[in-house]
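The values are calculated or read from the model by the stated rules, or taken from the named source; none is laboratory data. For clarity, every value in this text was computed on a predicted model and none was experimentally measured. Cβ placement follows ideal geometry from the backbone for every residue including glycine, while neighbour counts extend to all protein chains displayed. Surface accessibility is based on the protein's heavy atoms, side chains included, excluding ligands, DNA and RNA. Shrake-Rupley method; radii C 1.70, N 1.55, O 1.52, S 1.80 Å.
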Amino acid sequence: MCDEPVDPDKSVNDAQGPSVDSRTADRKAKVAERLAHRGCNSRKGAVKVVIAWPDRLYVVEPAPLIAVAARLERKGGREMVGRCPTRKDAQAAADWLVDRFSRLVPGLAVAADIEAGGGQFLVILNAGRR
């Protein structure tokens, strides 16, 4: 959730210790489980989980990535996730997204496309199963 590595050998009583996270409270969603920090996983129940876009990326109206991941995992396809003023900004965002989704949803093959339109560049994620 926080994008920091989890040490599976750390005490489960430590806030940085391992905890099983299913990424969703809906048990019918059949979402794969993964390791998360116990503190991050516990906090998830109290606040809505948000994956922050890095400040170094220049993205207008960035999509909420947890919701994007859930939709792409459930039905695949394409989803526009943000707009950038330059192709260079869009490429940086696309590269970050592909890397971030490889950890967020490991079983989902995600590729990013950049499409020019209206004086801006759209960043689009395409998903399929690995």
Pick out the one residue from Ala69, Ala111, Ala63, Ala94 that is part of a helix (DSSP H, G or I), without any contact (Cβ under 8 Å) to a residue 60 or more places away in the chain and out of contact with any helix residue (DSSP H, G or I) (no Cβ under 6 Å at 6 or more places or on another chain). Ala94
Have a look at Glu73, Glu4, Glu61 and point out the one that is at pLDDT 70 or above and open to solvent by less than 80 Å² (accessible area, probe 1.4 Å). Glu73
Selection from segment 44-58 of residues modelled with pLDDT under 80 and touching a strand residue (DSSP E or B) at 6+ places or on another chain (Cβ under 9 Å) yields Lys44
Lone unmet requirement of (1) modelled with pLDDT under 90; (2) out of contact with any strand residue (DSSP E or B) (no Cβ under 8 Å at 6 or more places or on another chain); (3) open to solvent by 30 Å² or more (accessible area, probe 1.4 Å) for Val105: (3)
When Gly119 is evaluated against the numbered criteria (1) out of contact with any strand residue (DSSP E or B) (no Cβ under 9 Å at 6 or more places or on another chain); (2) open to solvent by 60 Å² or more (accessible area, probe 1.4 Å); (3) under 24 Å from Pro5 (Cα atoms), which criterion, by number, is the only one it fails? (3)
